[in-house]
Amino acid sequence: MSRPTAKLVLFDVDYTVLEPGEVFAAEGYRAIGERYGLRLDPSRWHEAERAAYEVVKRRRAELGATHDEGAYHAIADAVINALGGGPPAAVAACTAAVVAEWVRLENFALYDDVLPCFERLRDAGVRIGLVSNSSHDLDEIVASFALAEYVALTVASVEVGLAKPSPAIFGVALQRAGEVLGEPIMAGDTVMVGDSVEDDVKGALACGMGAVLLDRAGRYDLPFPTIRTLAELPALLSL
């Protein structure tokens, strides 16, 4: 399911380019909870993942595509309670601690397949952008992970006020790309790559862009171009 080579490839950030560290996994939550007297049960991690999914779904239904500044707090709270919870004050303190860890870039790393993929795209003359619903400072990410030689533009929902899958954030990305490249970049010249079916794939397709689902865990069987690793992306783009 390849497509013609794009002029611009946009990447989601969290779980696509950046891999969250162990502090955000079951044992990490258990350890943070222990600081506040909580006995969180890592064996309930699948329940916690479902709880996080449901809270995101509910908040999206309430807020639409508006940037959700409180998303990480709500997710952390849902996860902690699904893992066993405890006294409200201790849960609140634990939630705040998890959110504080989320904003620290030292708790993240580039996936191993990112730089080889970026190098391949750059060498083929394809420009790269980052488009994220995260509250992370994307320019700080570019600087901290030495991505400046690859990434031509960044767009975050916190600055636009609207999040993927809103057409607005994709429109800003195209406008910014045109400014950087000195020529108009059309939706048809662009491919979005990310781990979210709704935000990245369906959002981009609705704007006339190409889209590729990055399914690292092999969870989906959908009628979209899908890859398990970014190492597969260049071939999919006919590079």
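The values are calculated or read from the model by the stated rules, or taken from the named source; none is laboratory data. Remember, predicted model here, so these are calculated numbers, not experimental data. Methodologically, a virtual Cβ is constructed for each residue, glycine included, from the backbone with ideal geometry; neighbour enumeration extends over all protein chains shown.
Below are the figures for this structure:
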read-out	value
Search result, residues across region 210-234 that are at pLDDT below 95 and of a type in the set (A, V, I, L, M)	Ala217, Leu222
Tally, over region 65-83, of residues that are touching a residue at least 24 places away in the same chain (Cβ under 8 Å), over 16 Å from Phe24 (Cα atoms) and either more than 21 Å from the chain's Cα centre (by Cα) or surrounded by fewer than 16 Cβ atoms within 10 Å (Cβ to Cβ) (or both)	2
Residues of region 198-230 that turn out to be surrounded by fewer than 19 Cβ atoms within 10 Å (Cβ to Cβ) and in a helix (DSSP H, G or I), as a count	4
Given (1) over 28 Å from Met192 (Cβ atoms); (2) in contact with a Leu (Cβ under 7 Å, 6 or more places away or on another chain); (3) hydrophobic (A, V, I, L, M, F, W, C), index of the condition Val9 fails	(1)
Residue selected from region 145-160 under the condition without any contact (Cβ under 8 Å) to a residue 12 or more places away in the chain and not charged (D, E, K, R), by the criterion farthest from Leu10 (Cα to Cα)	Ala146
Residue list for region 45-94, restricted to those being at pLDDT 95 or above and at positive phi	Gly84, Gly85, Gly86
Region 210-239: number of residues that are in contact with an Asp or Glu (Cβ under 9 Å, 6 or more places away or on another chain) and polar (S, T, N, Q)	2
Unmet criterion (only one of (1) surrounded by 14 or more Cβ atoms within 10 Å (Cβ to Cβ); (2) in a loop (DSSP other than H, G, I, E, B)) for Val9	(2)
For Thr95: the one exception among (1) buried (at least 19 other Cβ atoms within 10 Å of the Cβ); (2) of a type outside the set (Lys, Arg); (3) in contact (Cβ under 8 Å) with a residue 24 or more places away in the chain; (4) not assigned by TED's automatic domain parsing to the domain that holds Leu181	(3)
